[in-house]
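Taking it in order: structure first as structure tokens, then the write-up.
The values are calculated or read from the model by the stated rules, or taken from the named source; none is laboratory data. No experiment lies behind these values; they were computed from the predicted model shown. Backbone-built Cβ (ideal geometry, glycine too); neighbour counts: all protein chains shown. Surface accessibility is based on the protein's heavy atoms, side chains included, excluding ligands, DNA and RNA. Shrake-Rupley method; radii C 1.70, N 1.55, O 1.52, S 1.80 Å.
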Amino acid sequence: MEPSSSLLTVSVTKITTFTISLLFLISCSTFTSTEAYDALDPNGNITIKWDVIQWTADGYVAVVTMYNFQQYRHIQSPGWTLGWTWAKKEVIWSMMGAQTTEQGDCSKFKGNVPHCCKKNPTVVDLLPGTPYNQQIANCCKGGVISSWAQDPAGAVSSFQVSVGAAGTTNKTVRVPKNITLKAPGPGYTCGPAKIVKPTAFMSADKRRVTQALMTWNITCTYSQFLAQKTPTCCVSLSSFYNDTIVSCPTCACGCQNGTAGTGSGACVHPDTPHLASVISPPGKSDNTPLVQCTSHMCPIRVHWHVKLNYKEYWRVKVTVTNFNYRMNYSLWNMVVQHPNFDNLTKIFSFQYKSLTPYEGLNDTAMLWGVKFYNDFLSQAGPLGNVQSELLFRKDESTFTFDKGWAFPRRIYFNGDNCVMPPPDAYPWLPNDSSRPVISLLLPVMTLFLSMAFLFAHV
């Protein structure tokens, strides 16, 4: 080989290697920065605000408030768990509206003993019914926080903490580190605490404004991949114009191993003898998910049925079924993407809110239950389902039943993306060329031609 050819080959190899490495780095950085990004709720997050409202002899008193700015993702029972690591040797003297799960080693204190001496305390909300002298505003809901779209007033949770062995001025206080939020399990990633402009407070008569002595914020974002490795819901489809019922994809949320108990694939058949004792073993409380044995193994199934066709409208029935024997879903919600939501005329027995994260695009709807009627989805069984019907007005420029247009593009349940059937499996309109009416014309035409032939030869 000539020297020039060899040099060219080496150069091309180096350029190719560099290009591949560059693309790999770009892909890795892109994944890292977008893993918690939600296209339907681009600004959704949980913001935790610490407001120092009073200095004490050895520290400060702060009000900690969690704001759930997520449109459709809420925190359900057993509620949130908040943790952090102290920057110095701080202790918690007392709390109102919440408590730490462990006290830690406080043996060095004589007389007054702190509420918690751990370097990395874990805090949980108090339960409803807590005595009033232990409460503050927006506390004591068992850690349950509504989504912002469902109930803005219920999307806030607060507690008060008195911190000792800490700084007593803005310059000596150190913000906590390594903040963690479980809601109730993993899924949230929290950034570092950032000191911001002190929060302003308006008096009850709105005639005086006071402000916190010091404020810092923590922002936490959600990732479904971090929350669980497998999906938690799936979608099935059917229609009035096709007898085909498209089930959830097989093994959409896992494959069953045929045994009731714990571990991947554990399930129970509804006709199992002594079903109640299998679900809740005597003498112990078990919160491990236990689903009904199905081909899809999902705790939740959403069924979309195209029910009726009118001259100017069309109608859909939506049914949400719970297959989890150990989970009741309170304050559940569902998000559906379909281009005809810009012409939704009527919805029965569900609440509705249009989600428009992008201006000019109204194809996403949030649905949830009516309070005290169907906002509580019971565990698997005869009562483990909720349903509603939606009435859409037809838009002549876009409406069609052809090629699966009447089915949703995406469905979320409680903020998690549900597994959809493959598009080629959707119930399609029967082909006009295959309609029975055409086959019926064949014998009629044959008879007509035969009679004409006979008369012609008479």
4 °C / 1.567 mPa s Stokes-Einstein diffusion coefficient of the stretch 324-381, Kirkwood radius on C-alpha pairs, µm²/s: 101
Might you work out the accessible area of Tyr37 for me, using a 1.4 Å probe with all protein chains in place, and round it to the nearest 10 Å²? 120
About its Cα centre, what dipole magnitude does the stretch 45-226 give when the only charges are +1 on Lys and Arg Cβ and -1 on Asp and Glu Cβ, stated in debye to the nearest 20? 500
Computed lengthening from Asn178 to Ser77, 0.36 nm per intervening residue step minus Cα-Cα distance: 33.9 nm
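Can you put Lys229, Lys182, Lys317 in order of accessible area, largest first, using a 1.4 Å probe?
On the way: Lys229 150, Lys182 105, Lys317 65 Å².
Listed by decreasing accessible area, they come as Lys229, Lys182, Lys317.
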How much of Trp368 can a 1.4 Å solvent probe reach, expressed as accessible area in Å² and rounded to 10? 30
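Where does each of Ser330, Ser147 land when they are ordered by accessible area, with a 1.4 Å probe and the largest first? Mind dumping the intermediate values first?
Working: Ser330 35, Ser147 0 Å².
Reading off the accessible areas and sorting them downward yields Ser330, Ser147.
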Put a dot 7 Å past each Cα toward the Cβ at Lys194 and Tyr241; how far apart are the dots in nm? 5.1
Rg and Dmax of the stretch 282-349, Cα atoms only, in Å: 17.0, 60
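Just the number, please: Stokes-Einstein D of the stretch 61-125 in µm²/s, Kirkwood Rh from C-alpha pairs, 25 °C, 0.890 mPa s. Don't jump to the answer; show the numbers that get you there.
Values: Rh = 13.6 Å.
Here the translational diffusion coefficient equals 181 µm²/s.
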Heavy-atom accessible area of Phe225, protein chains in place, probe 1.4 angstrom, given in Å² to nearest 10, is 120
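Could you tell me what percent of the accessible area of the stretch 45-226 is made up of carbon and sulfur, with a 1.4 Å probe and every protein chain present?
53
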Solvent exposure, largest accessible area first (probe 1.4 Å, DNA, RNA and ligands not counted), of Ser238, Ser397: Ser397, Ser238
Which aspartates and glutamates have a Cα less than 12 Å from the Cα of Lys371, not counting those fewer than 8 places away in the same chain? Asp151
Rg(Cα)/(2.2 N^0.38 Å) for the stretch 45-226, N = residue count: 1.01
Full-stretch length increase - Thr345, Ala39 - with 0.36 nm per residue and alpha-carbon distance subtracted: 107.6 nm
What pairs from Lys89/Lys110; Lys177/Lys206; Lys194/Lys353 go past 24 Å between their alpha carbons? Lys177/Lys206; Lys194/Lys353
Roughly how many whole Å is it from the C-alpha centroid of the stretch 80-114 to that of the stretch 393-420? 51
Length gain on complete extension for the stretch Lys119 to Ala57, per 0.36 nm per residue less the alpha carbon to alpha carbon distance? 20.3 nm
